[in-house]
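The next block holds one structure in the form of structure tokens; read it before the comments.
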Amino acid sequence: MHPKFAEHRQERRRNLPLVSAIPGLICVGLLFVIFDNVSGAGLVTAFRAALQNCQIKGNIDQVDGTRAYYLPGQDRYAAIRVQPAGGERWFCSEEEALAAGWHKARN
């Protein structure tokens, strides 16, 4: 490769604006959202809840299927792991949890 051509090629790369990466990022984001919806993983919902600082954990009992929500400070709160793929979710308020048909956990 001729040195002048190589120099010109490198200069062109340096002058490419960051904007040229945006279509690729949008495609990756759309693929992520589509995968998340199809797989039922609930990652988008969990991410949205984290951004909104929703701290109420909705847990489904594996034995009897009851839906209970846990508030920060309750005994089992730290042990509860929200698994959106199994139908569990985060709530931003007790009113939201109650409206969705969940009840407050006893402990």
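Overview of values
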{"quantity": "Odd one out for G101 among (1) surrounded by fewer than 14 Cβ atoms within 10 Å (Cβ to Cβ); (2) in contact (Cβ under 8 Å) with a residue 40 or more places away in the chain", "calculated": "(2)"}
{"quantity": "Qualifying residues in the range 34-43 (those that are surrounded by 12 or more Cβ atoms within 10 Å (Cβ to Cβ) and among the aliphatic types (A, V, I, L, M)) - the one modelled with the lowest pLDDT", "calculated": "A41"}
{"quantity": "Complete set of residues in the range 17-32 that are loosely packed, with under 12 Cβ neighbours inside 10 Å and at pLDDT 75 or above", "calculated": "I22, P23, G24, L25, I26, C27, V28, G29, L30, L31"}
{"quantity": "Matching residues in the range 61-107 - criterion: being of a type in the set (A, V, I, L, M, F, W, C) and within 19 Å of the chain's Cα centre (by Cα)", "calculated": "I80, V82, A85, W90, F91, C92, A97"}
{"quantity": "Residues (more than 25 Å from V38 (Cα to Cα) and either in contact with a Gly (Cβ under 8 Å, 6 or more places away or on another chain) or in a helix (DSSP H, G or I) (or both)) located in the range 79-95", "calculated": "A79, E94, E95"}
{"quantity": "Search result, residues across the range 88-103 that are at pLDDT below 95 and within 10 Å of N59 (Cβ to Cβ)", "calculated": "E88, R89"}
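The values are calculated or read from the model by the stated rules, or taken from the named source; none is laboratory data. Here the structure is a predicted model, which means the values were calculated and not measured. Ideal geometry is used to build each Cβ from the backbone, glycine not excepted, and the neighbour counts take in all protein chains shown.
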